[in-house]
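I have placed the structure first, in the form of structure tokens, so that the comments after it can refer back to it.
Bear in mind these aren't lab numbers, they're just calculated from the coordinates by the rules spelled out. Predicted model only: the values in this text are computed from it and were never measured. So basically every Cβ, Gly included, is an ideal-geometry build from the backbone, and we count neighbours across all protein chains shown.
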Amino acid sequence: MDSKVKNILIGVLFILFMISLAVIYYLVKGSSNEVLTIKGNVIVASDDYVIIEGINEDYVINNIKGQYNVGDEVEFKYNKKDLNSKVSPKTIKVSDEELIKVGDNDSDEDSNIEENSSSGNNSSNSSNSGNSVDKTNNGGTTTNNNGNNSANEKDAVNNQSSSGTNSGNLINSEKESNGNSSNSSSAVSDADSLVLSYFEDYQADINSENLGSSVKSGFVSIVDFLFYNGTIKGHTFGELTDSAKLKVLAMALYFDGKIEKYFPGYKESISSATNKVYTNIKEEIVTTYLNVASKVCTSNSDACEKAKNGFAELKKNFSLTWDLIKDIAGDGLTNLKNWYEIWRTT
């Protein structure tokens, strides 16, 4: 009799256990299928997605059916399970959408690439440098983080340096496709090789144990070369091929972090002694990299993929955030569409 009672109790407990599992399953499933609503203004508009500015953060809205413009206010419905919070900005696959208000869209996104292309000219870079400093003043904090991550940054730059052969192949293919004369091709090759050699030598100096005044002066020369029409080995930044520009910009981002770490306050001192700005270099480098990469992606798919992968490394090793990218863009929201296309590569 006792054995029979035990078997009955075990059976009842098993049934209750299975019922509890079923209840938990349906609760979890119901929670994931919960329909949520989000509303915001469009800051990036594309054919298959938009980025909206929510109350506290931005969201990439995928699976859209309508066509929207920057400035539109839109409401989207989505299942809770279709929110991916592991990426930045967070992404949402929506199930329904409604245009709440048409925005005032005075921007011309088609002209954005042409505007971005001008960032390769040193005169434009000099102008943008001053404007950036007026717009944001958080460069110091960010570059301090770079110094703390110097081990990862050094590996990233060394990996980029070791890929010199691939860069050379890319440079040569660009010259052939452009159909330049032999003299012109030779001049481009000289500019790339001489400038890259200078940057690699400076990298060796800044990684040495004994950092002296030559490292400081070398940093000033590099910043002047990138943003103030300066020359290195008789060549300007604008004379470089796009692949070489991206390479020296990536290396310059590493140098900036090193200077901030080993010579705190140095950039402020040279900025106050001249009419040039050296305190916001990180933002300027990132801006120029994204603009050059956007230009590359309009004409060369292979070079575009390399540029995106290169930026993914920078994003990982130099603690670049979406908030920083958006802050750099400021009021120029048309830049964000091209920049996000570079940014979204993981």
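Among the trypsin sites (Lys or Arg not before Pro) within the range 225-296, those in coil by DSSP and having at most 14 neighbouring Cβ atoms inside 10 Å are Lys233. Can you grab the distance from the C-alpha centre of the range 295-346 to the C-alpha centre of the range 33-73, Å, no decimals? Comparing the Cα centres of the range 295-346 and the range 33-73, I get a distance of 20 Å. From the Kirkwood radius over Cα pairs of the range 229-301, Stokes-Einstein at 10 °C and 1.306 mPa s returns a whole-number translational diffusion coefficient of 116 µm²/s. For the residue pairs Lys80/Lys101; Lys65/Lys90; Lys65/Lys86, alpha carbon separations beyond 22 Å are given by Lys80/Lys101; Lys65/Lys86.
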